[in-house]
């Protein structure tokens, strides 16, 4: 049975060798932010094994010489066989050269010993072959099975020549045997076994043809192997393949695919790769070769696939045989690059995906490239592709990728906006959204956020108990000079994470600012020996606390965002922003800021002076006048402030304020900020803030106040003036809820003046909060203010309008 032995040695040495060589070729990918959709490849042609045929699906016979050459080149050290090789140095090619054709015997029978060999038969070059199956399939017109049987017999008997007319083969006169062949052809193998047993019981000494038994064994083995593969019993697949090597040929391509998959699924990827290589080096059917690459691509990593693709052949039309799936392969390889940032994908594949992304306009291709570049910190290209994908399709995955890029590019406000609607899609999506909020609240100067955005951030932070953003909300409140709200946020963060030192430090300095000595002592006691800066905390002094880096949303399959170092100033007002309500984080439930509802506005207004661009609190205006009076009056001419020294620019700034030329003063104070002396820099920042206030630019004044540390008195004074100016501007814009917000925040810092109480009363009146309006106007009228009495009259008109009043 030399041919069978040759097949065992030949293919199994390549495709199924490896019980002694089995290695794990690659680690499984990490469970991360996968946050990229993997491209799918489905074989264009599914070639299932034909369980009812002798040789399986119609394929080409194995080229034994080519196979022997291949084995000689690979020279494996072990084979999968029921019996071990003769010696470690004996190759399959040697077995082919030494074997005798007359040794080929049916698999179910023992091979004869050398003593039983007939010398006359050895000289006969035409072996006796059972050709009854050929006539059977030819008589029924089954060309596929006929060709498969010819291929099988040629493999078993290389010297055999198929008959020119199979129908000329003498017809089998054994009707019972014909019935057995009929059952076999229909795949009814159990019934064939029963028919054989019944006849042997009825006819003593009758033996079925060896060809029938061998074909029956192979067909049953093929069925068992296919069932084991479907049930993912991969070791059974390998065992059956080792015991039935005649299945492992190009004529049974589906069996080869299943054996390759079994090796890969049992951490022997190199053996599976060998099986695919055997197909590509030996088998010639174009559809089967194409399907082999597709199946391999679904199971093998990038580098082994490059080895398989190197076996590609020309298609005869000026192209290559795998051109039809080239783009799909490129997509798959780029997706593998998304999973492993250390994997370098050939630029050729990237260029192919980029070309098809631009030509076909699929958001999935744009997203694929975005993830690839994001994983390699190429944020410019990543942002370009994610934005292109987002314009075509607003999905959770695309928005998440875009948000991660924006966070890394220091654009957390855009990231928060992109992820808010998708935050609940997955854990990764929520982690990305929360990272965006923490980075957003840590911006310096603070971002200009609307009430709605602040409210939804606060609500989500409390719901998720997310410490980094809670801590940053505390620093944000401090920057807006809202120490009570800041203390509540720091306390909330510490309830969720008691060992969060930055929050403890923030709470300590905030309580110190509020003169809560007992509270400061409590924080110092709890953190004794764990934080030097908390231990040495004394009187309020300008500091710049630095928080921990933000944690990244590094969940299953998803990429981590680039977090930003977070710093914030403790003193002064900063970037203009509709600030949080002072009750932003009670217990830790959040009291939402007022919402600008569309409310019909009453045509009533407080009797007050028209707002002036240089309006400021009386204390501030007096301070400016006093400061200006001490300055020399040598600033009547126009001078380029950039040419002055910092000291001269500071003097000129105050002089310009005295002449009511605030915008020129802004420029002069800006130059003075370059002074190396800390007190001079504080003076310049203070002066520039006052200049902006006089120009009616409260937002700019808030930013200027952060340019140098200021003492508590000046910071509070500026904040009071800024909040009052914002309240007036909001009222003039008929944003009454916002006006009340600013008035509430100012009232925490300083007792409300009568004119601002009137403003509050008219806000209540326009919002139809008549009881509150009456309470305010009555209190103002009790002071003797005519504005209070006028407010009460306007209230009565609103409650009981008369014809002709408007």
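A few remarks follow.
- Just one of the listed residues (459, 447) is outside any helix (DSSP H, G or I), more than 19 Å from the chain's Cα centre (by Cα) and surrounded by fewer than 24 Cβ atoms within 10 Å (Cβ to Cβ), namely 447.
- Contact annotation: residue pairs with Cβ atoms under 8 Å, 6 or more positions apart or on different chains, pairing a residue in region 727-754 that is without any contact (Cβ under 8 Å) to a residue 24 or more places away in the chain with a partner that is in a loop (DSSP other than H, G, I, E, B) and surrounded by fewer than 19 Cβ atoms within 10 Å (Cβ to Cβ), are 743/752.
- Condition met for residue 392 (outside the structural domain of residue 704 (by TED's automatic domain parsing), more than 30 Å from residue 520 (Cα to Cα) and surrounded by fewer than 20 Cβ atoms within 10 Å (Cβ to Cβ)): yes
- Among the residues of region 395-436, those identified as free of Cβ contacts under 8 Å to residues at least 12 places away in the same chain and more than 17 Å from residue 459 (Cα to Cα) are 411, 414.
- Residue match in region 345-365 (condition: buried (at least 17 other Cβ atoms within 10 Å of the Cβ), outside any helix (DSSP H, G or I) and touching a residue at least 40 places away in the same chain (Cβ under 8 Å)): yes
- Scanning region 367-394 for residues that are out of contact with any helix residue (DSSP H, G or I) (no Cβ under 7 Å at 6 or more places or on another chain) and touching a residue at least 60 places away in the same chain (Cβ under 8 Å) returns a single hit, 377.
- Hey, residue 697 within 45 Å of the chain's Cα centre (by Cα), surrounded by 19 or more Cβ atoms within 10 Å (Cβ to Cβ) and without any contact (Cβ under 8 Å) to a residue 24 or more places away in the chain or not: yes
- Some residue of region 650-666 being under 21 Å from residue 446 (Cβ atoms) and either without any contact (Cβ under 8 Å) to a residue 40 or more places away in the chain or not assigned by TED's automatic domain parsing to the domain that holds residue 444 (or both): yes
- Hey, residue 614 in a loop (DSSP other than H, G, I, E, B), modelled with pLDDT of 75 or more and within 30 Å of residue 728 (Cα to Cα) or not: no
- When restricted to residues that are in a helix (DSSP H, G or I) and either in contact (Cβ under 8 Å) with a residue 12 or more places away in the chain or in contact with a helix residue (DSSP H, G or I) (Cβ under 6 Å, 6 or more places away or on another chain) (or both), region 307-336 contains 16.
- Residue check, residue 708 in contact with a helix residue (DSSP H, G or I) (Cβ under 9 Å, 6 or more places away or on another chain) and free of Cβ contacts under 8 Å to residues at least 24 places away in the same chain: no
- Here residue 224 passes the criteria (1) free of Cβ contacts under 8 Å to residues at least 40 places away in the same chain; (2) over 17 Å from residue 247 (Cβ atoms) except the one numbered (2).
- Some residue of region 275-284 being in a loop (DSSP other than H, G, I, E, B) and under 23 Å from residue 234 (Cβ atoms): yes
The values are calculated or read from the model by the stated rules, or taken from the named source; none is laboratory data. Note that this is a predicted model, so its numbers are computed, not measured. For neighbour counting, all protein chains shown are included, and Cβ atoms are generated from backbone atoms with ideal geometry for every residue, glycine included.
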